[in-house]
1. Could you compute the net charge surrounding residue 92? Neighbours are other residues with a C-beta less than 10 Å from the C-beta of residue 92; K and R count +1, D and E count -1.
2. So, in Å, what gap is there between the alpha-carbon centers of the range 121-138 and the range 17-42?
3. Can you give the net charge of the other residues whose Cβ lies under 15 Å from the Cβ of residue 261, counting K and R as +1 and D and E as -1?
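Quick note: the coordinates plus some simple rules give every number you see, no bench work behind them. All values reported here derive from a predicted model rather than from experimental measurement. No Cβ is skipped: glycine too gets one built from the backbone with ideal geometry, and neighbour counts run over all protein chains shown.
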Amino acid sequence: MPDLKNNIYNLQLELDDNSILSNLFGVNDSNLKIIEKINNVKILYRGNKIKISGEKKSIFETKKTILNLCKEAKNGADIDEDKIYDTRSLVSLNIKEEKQMDLFIQTKKRKIIPRTSNQNTYFKLLNSKNIVFAVGPAGTGKTYIAVAKAVAALQEGKVNKIILSRPAVEAGEKLGFLPGDLKEKVDPFLRPIYDALYSMLPFEQVEKKISNNIIEIAPIAFMRGRTLEDCFIILDEAQNTTKTQMKMFLTRLGKNSQMVVVGDITQIDLISEKESGLKDALKNLKTINEIGFIELKEQDVVRHDLVKKIINAYEKNYKS
């Protein structure tokens, strides 16, 4: 019965397989606690009988999430935080089963699924546009999703090479003062890209592909004079390119290649924000149909709940 005064509803659910309950519920009910948190519901159980309390939409989404996770557990999948978030995303975004395969990015280590409506749009653009601009704050999956799509394209034989680039512009330090040769100087700026690669491919495969130049990681200056064919090209931290660099980069696009440009226009480290190639491109290229644009926002942050709160606090401060 619903508690109409507090708009709280109750829903009863009985699972038909006791053998998967420990996997489904998690150690010390850790999985249930995650489901409670992300759906804003209360879950109680006795044996295989579950009671879900919360707002009407939330309890039905929770029921569907649990049933889908139950099906995954029966098929032998380990139920963990990533699996819960992915399953809940497919339910909340109301993605029909026949459409789900178009929105999976499968890599060696895992399957990546959109977790927000804007990420869903991002996935669709990556499937349909030659060039995609993804703009938004930290933690929204801009770079991670782009790298996942690049790795999948390489594994499927759609491209022969991945090129990952970003401008070597830093807050406060100059490259010349850093130790080592050019690669050692540039590597710290490319660390987020390395991290994404290692989460999708075994370490040995990443190192082998880099040494064989199948995966090329380089500063944007190395793009000049090249025509990039049969490649998946990602430009990270694009807000720190100049207008000239951005034009140079975009005009490297060759046959059977795809480009993804990602950045955060609130994190420009150039001396003058007016010189940002990303801001300039967003203004001048928006009428070209073959180019896709997606703006990811604070509600799309999937890195950590605290990151979302930090971004929100800064945005409020800037507006005031």
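1. On the way: positive: 57, 64, 88, 115; negative: 61.
That works out to +3.
2. Here the two parts' Cα centres lie 33 Å apart.
3. On the way: positive: 129, 142, 149, 166, 243, 247, 252, 279, 283, 286; negative: 236, 237, 264, 280, 290, 295.
Charge balance near residue 261 sits at +4.
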